[in-house]
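Shown next, in structure tokens, is the structure this report addresses.
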Amino acid sequence: KLTSMGFYSPRVFLRHIFSTQEAGVWPIWMEDETGRLDQTVVGNKDFSVTSLPVHLTVSPAAERLRYILGDDEETMPTPTLFTEMDTLQQEGDELEWKESARWVKFEEKVEEGGERWSKPHVSTLSLHSLFELRTCLQTGTVLLDLEGYSLPQIVDDIIERQIEEGLIGPELRDKISFVLLRKHRHQTKKPIHRSLADLGKSGSGVSECSIFISIHLYTHCLAQSRSMNDIADTPSTDQLKNKFMKKIPRDAEASNVLVGEVDFLEKPFVAFVRLSQATTLGGLTEVPVPTRFLFVLLGPLGKAKSYNEIGRAIATLMVDDLFSDVAYKARDREDLIAGIDEFLDEVIVLPPGEWDPKIRIEPPKKIPSADQRKSVFNLNELGQMNGTAGGGGPLGEELAYTGRFCGGLFLDIKRKLPWYPSDFYEGFHIQSISAVLFIYLGCITNAITFGGLLGDATDNYQVHLANFMSTFLGTALAGTVFCLFSGQPLIILSSTGPILIFEKLLYEFSKNNGIDYMELRLWIGIHSCVQCLFLVAMDASYIIKYMTRFTEEGFSSLISFIFISDAIKKMVGSFKYYPINTDFKPDYVTAYKCECLAPDTINLVHPKAENSALSSQELIAFENYFTLDWTQLSKKECVKYGGSLVGKSCKYVPDLALMSFILFFGTYTMTVTLKKFKFSRYFPTKLRKLISDFSIFMSILTFVGLDMLIGLQTPKLIVPTEFKPTRADRGWFVMPFGKNPWWVYLASFVPALLVTILIFMDQQISAVIVNRKENKLKKGCGYHLDLIWVGFLMAACSFMGLPWYVAATVISIAHIDSLKMESESSAPGEQPQFLGVREQRLTGILVFVLTGVSIFLAPILQFIPMPVLYGVFLYMGVASLSGIQFWDRIKLIMMPAKHQPDFSYLRHVPLRRVHLFTLLQIVCLAVLWILKSTFLAIIFPVMILGLMVIRKMLDMVFSQHDLAWLDDILPEKEKKKKEDEKKNTKKEKKKGKGGNDSEDVSVLVA
């Protein structure tokens, strides 16, 4: 092309470009259908690459690939390729092909000692080797869709084509065939050292042949006809038993690269072969995988290193997602070359003086999707905006406004009904066992913690600290029903902090105004149920579209901090019950004692004395004074009989506070460590994953065992042993009438509205977090169906005097994390791919059934120390923060810029704007925390709803570009954006009608 334009070197061409550009114009060459080039110029002000039609801004190689690969989504994906490179070597007097490297995704080399494989690493290629490979494909033989059934037949076809094309002479046929059919020694086999007895038994006579011996020896070897073929027709036992097969997908195919140097060639012998059908070629490949591609490079002596680099180049290309597609669909030689050109367009060159080529680059933890590369119109963005990644948020058709009565509810039922059978049988997996144990312990810990707080707040009307029966019963009943019939069974219902706050305020209001608490609570529950049904009927869940990441993160962070603070408060409380003696001095150990003294006898009068009138208790105390040995009584007995404890050590319990802290912090630390164990380098993958899945269970067993071994009287889990109401003055059911004035039944509509807002926000925000696109859920959501069941359970629990239950954000996130699935077979060096979540109902049902039957597990559960469960509580709170972008941005505030992680939003949003957005979220979170902790907690539900209003106001502070990366774009903004794009498209079409004559002309812009 350059020569036809009058430029005889790139230097002259570039000089012409710069000289014309300095004159204020850009030179452009237009190529018509005949290939003729005409030069024209465009002024600097008029020229813009972005103003050119899209099809003119794409490179010729990319245009060709788009045509090759096509846009048909129905085409089957190409199989994964396992690539093996063998080099021709001489082992003693034998000539053989020795495996030197292999690729599934990343490169593994045979170390120099030959006794082991290297660690998987990213292939680093020299740019020169890629250009040489391109030249080899241009000048060598390319056979596409060759009918091949054995290696000898394929080799004969390759040599025959080379002779037909005049690339080699007929006299080289047998010599090349002999070399290509030598045996292949793979890394699984040890070097062969043949004894004299082995040579006597062998009739092949190969020992006389050597790659470096003179040419006449080849004639002697070739005289043995087909005995020179060392390749077995079927895979060997070593191949079939190779454990490396576990790392290769079942539908994988092989590409074999053979490179070597011989002394009978004067120029390279190159062939690229694609078989019409993948064929197993015996011992050619390390593993019994059928071969689809074969690349052969034999050349003259003295260039072994160059040949090896060319072989590595083609092997690396064959495992590249884009080039492998091209190799499967190429129609001719030019298509393959276009694939290499596109690969070269994306190659990044590292300066030789600024890094060590001997360094092996570790495989990245996350690789960009191959789909972005396969699209020639991609913007080369490593990250993706939150606002555009999911079409304006993590929501879909589940929240589309139908405009019909209960339209969203009917769609939820229609969507979830086909999945109902699979929701049960897909739960039968070993991973479900660990999930059930983890969530069960989390649920009973949550029930005991919040149940105790609720009991304290309501004077044990609902829960008594010594009898958690109502909490266990309510959790089991509500949770089982919800998991059976809800739209998203992965959500776990439980008592939550916001509900606890409202219950406390409601009880104080009832107590201060002389209103029966349980009856008022019942009517609030009934009104709230009716309001939930109204919201479902009107498709009110549609407003969830306006809950962006800003609202979700604020609410979920609040719930996480409630979990963390409650765990720490409970742990600190144990230091109050069992204080540490900070004034202890070992030298005065003799002074530390505790004695029980009898009560004062001055006021005691003998019952036979005159005018004495002692009560029965005083009579017992009088007799105890003379009959008991007060010095031998225990601490409890001393207090029971009216004695007094005297001594410096009476109020201290040695070691309990410290032991409780060890159990608490040890459980949390061990759980975090074991959860990350699957990313360690120890033990096989399956064992690491098993340890990670059962991390909670193993941590609890470990520290329960430690507690039993030491034998201290640490506070233990209190399990109910009786099935009865929590108070003697209340029955199993709450009557709706008789204790309050009639107007209370109507006025309860107002507090019920606050409860409904709280439940709606709590339930739906938790559902949005669970249903995020990052979790790759496939069975759809059920926002309306979830809300209607929460409403029904609200009324049922109110009638039974049980706590109200709603989606527990932290436990639901933990449930999702415990059911995440990863690919079982992954390429060496490649991180297991996240496949999604095991969506089923079985784990949730089993968790709540176990909670219900916990009364029968009292003999076992009573050995679990409460500090251990507080450690689990702390872990769930901290773990739920790990996936929140808000928490990542808080940590950025304390990091110098050079040490900050490479988050995608930091590339597109100024750091000061990121910190401002984070600061506003912190302020909102602080306000919510203060509100829930003061008398203003009654408006707490409204303030959560107010987060959506604050997010709307942020549009006036931040640009839509910044919000698209830091948050989600609000629906109306996204809608307006799409409308503007449609208008621009129409304008471009109108403009393009007058310029259709130039559409068939490609542009070369200098």
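The values are calculated or read from the model by the stated rules, or taken from the named source; none is laboratory data. This structure is a prediction, so every number in the text was calculated from the model and none was measured. Positions of Cβ are generated from backbone atoms using ideal geometry, with glycine treated the same way; all protein chains shown enter the neighbour counts. For the accessible areas, the whole protein counts, side chains as well, though only heavy atoms, and no ligand, DNA or RNA atoms are used. Shrake-Rupley method; radii C 1.70, N 1.55, O 1.52, S 1.80 Å.
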Tally the residues that are open to solvent by 80 Å² or more (accessible area, probe 1.4 Å) and β-branched (Val, Ile, Thr), restricting the search to region 740-754. 1
Residue hits (region 508-523; open to solvent by less than 30 Å² (accessible area, probe 1.4 Å) and without any contact (Cβ under 8 Å) to a residue 40 or more places away in the chain) are SER510
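Per-residue answers, yes or no, for (1) modelled with pLDDT of 50 or more; (2) open to solvent by less than 60 Å² (accessible area, probe 1.4 Å):
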{"residue": "ILE154", "(1), (2)": "yes, yes"}
{"residue": "LEU196", "(1), (2)": "no, no"}
{"residue": "LEU199", "(1), (2)": "no, no"}
{"residue": "ILE213", "(1), (2)": "no, yes"}
{"residue": "ARG226", "(1), (2)": "no, no"}
{"residue": "PRO235", "(1), (2)": "yes, yes"}
{"residue": "ASP251", "(1), (2)": "yes, no"}
So which of GLY844, GLY836 is at pLDDT 80 or above, assigned to a strand (DSSP E or B) and either under 27 Å from the mean Cα position of the chain (by Cα) or surrounded by fewer than 22 Cβ atoms within 10 Å (Cβ to Cβ) (or both)? GLY836
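Is one or more of the residues making up region 731-743 assigned to a helix (DSSP H, G or I), in contact (Cβ under 8 Å) with a residue 12 or more places away in the chain and of a type in the set (Val, Ile, Thr)? If you could, list the steps in order and put the result at the bottom.
In the first step, residues of region 731-743 are kept if they are assigned to a helix (DSSP H, G or I); the result is 742-743.
Next, only the ones that are in contact (Cβ under 8 Å) with a residue 12 or more places away in the chain stay: none.
Within region 731-743, not a single residue is assigned to a helix (DSSP H, G or I), in contact (Cβ under 8 Å) with a residue 12 or more places away in the chain and of a type in the set (Val, Ile, Thr).
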If a residue has to be of a type outside the set (Phe, Trp, Tyr), open to solvent by 10 Å² or more (accessible area, probe 1.4 Å) and over 25 Å from ASP423 (Cβ atoms) to count, how many in region 790-823 make the cut? 2
For region 101-142, give me each residue that is more than 43 Å from the chain's Cα centre (by Cα) and either open to solvent by less than 10 Å² (accessible area, probe 1.4 Å) or aromatic (Phe, Trp, Tyr) (or both). GLY140, THR141
Of (1) touching a residue at least 60 places away in the same chain (Cβ under 8 Å); (2) not in a helix (DSSP H, G or I), SER854 satisfies every one except (2)
Residues of region 406-435 satisfying the condition of being part of a helix (DSSP H, G or I), in contact (Cβ under 8 Å) with a residue 12 or more places away in the chain and closer than 24 Å to LEU787 by Cα: GLY407, GLY408, LEU409, LEU411, ASP412, ILE413, ARG415, LYS416, TRP419, SER422, ASP423, PHE424
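Does region 475-498 hold any residues that are of a type in the set (Val, Ile, Thr), in a helix (DSSP H, G or I) and open to solvent by less than 10 Å² (accessible area, probe 1.4 Å), and which are they? Before the answer, list the steps.
Applying the first criterion (of a type in the set (Val, Ile, Thr)) to region 475-498 yields 475, 480-481, 491-492, 496.
Pick out the ones that are also in a helix (DSSP H, G or I) and you get 475, 480-481.
Within region 475-498, THR475 is the sole residue that qualifies.
Does region 168-177 include one or more residues that are modelled with pLDDT under 50, in contact with a Ser or Thr (Cβ under 9 Å, 6 or more places away or on another chain) and either open to solvent by 30 Å² or more (accessible area, probe 1.4 Å) or of a type outside the set (Asp, Glu) (or both)?
Here is the first cut: in region 168-177, the ones modelled with pLDDT under 50 are none.
No, region 168-177 contains no residue that is modelled with pLDDT under 50, in contact with a Ser or Thr (Cβ under 9 Å, 6 or more places away or on another chain) and either open to solvent by 30 Å² or more (accessible area, probe 1.4 Å) or of a type outside the set (Asp, Glu) (or both).
Quick grid of which residues meet (1) outside any helix (DSSP H, G or I); (2) open to solvent by less than 20 Å² (accessible area, probe 1.4 Å); (3) among the charged types (D, E, K, R); (4) at pLDDT below 85:
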{"site": "TRP887", "(1), (2), (3), (4)": "no, no, no, no"}
{"site": "LEU919", "(1), (2), (3), (4)": "no, no, no, no"}
{"site": "VAL927", "(1), (2), (3), (4)": "no, no, no, no"}
{"site": "ILE950", "(1), (2), (3), (4)": "no, no, no, no"}
{"site": "ASP968", "(1), (2), (3), (4)": "yes, yes, yes, yes"}
{"site": "LYS973", "(1), (2), (3), (4)": "no, no, yes, yes"}
{"site": "ASP980", "(1), (2), (3), (4)": "no, no, yes, yes"}
Give the number of residues within region 791-810 that are within 14 Å of LEU484 (Cβ to Cβ) and touching a helix residue (DSSP H, G or I) at 6+ places or on another chain (Cβ under 6 Å). 1
Name the single residue that is farthest from PRO363 (Cα to Cα) among those in region 802-833 being in a helix (DSSP H, G or I) and of a type outside the set (A, V, I, L, M). THR809
Which numbered condition GLY302 misses (of (1) open to solvent by less than 30 Å² (accessible area, probe 1.4 Å); (2) not in a helix (DSSP H, G or I)): (1)
Taking the conditions exactly as written (among the aliphatic types (A, V, I, L, M), open to solvent by 10 Å² or more (accessible area, probe 1.4 Å) and more than 29 Å from PHE799 (Cβ to Cβ)), does ILE526 satisfy them or not? no
Any hit, region 538-550, residues being at pLDDT 85 or above and open to solvent by 10 Å² or more (accessible area, probe 1.4 Å): yes
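Inside region 889-904, can you point out the residues that are in a helix (DSSP H, G or I) and among the charged types (D, E, K, R)? Step through it out loud before you land on a result.
Let us first name the residues in region 889-904 that are in a helix (DSSP H, G or I), namely 889-893, 897-899, 904.
Answer for region 889-904, where residues must be in a helix (DSSP H, G or I) and among the charged types (D, E, K, R): ARG889, LYS891, LYS898.
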Tally the residues that are under 34 Å from the mean Cα position of the chain (by Cα) and not aromatic (Phe, Trp, Tyr), restricting the search to region 293-332. 16
Hey, does region 824-831 have a residue that's of a type outside the set (Val, Ile, Thr), open to solvent by 10 Å² or more (accessible area, probe 1.4 Å) and closer than 18 Å to ILE491 by Cα? no
All but one of (1) out of contact with any helix residue (DSSP H, G or I) (no Cβ under 9 Å at 6 or more places or on another chain); (2) within 28 Å of TRP804 (Cβ to Cβ); (3) part of a helix (DSSP H, G or I) hold for GLY514; state the number of the condition that does not hold. (3)
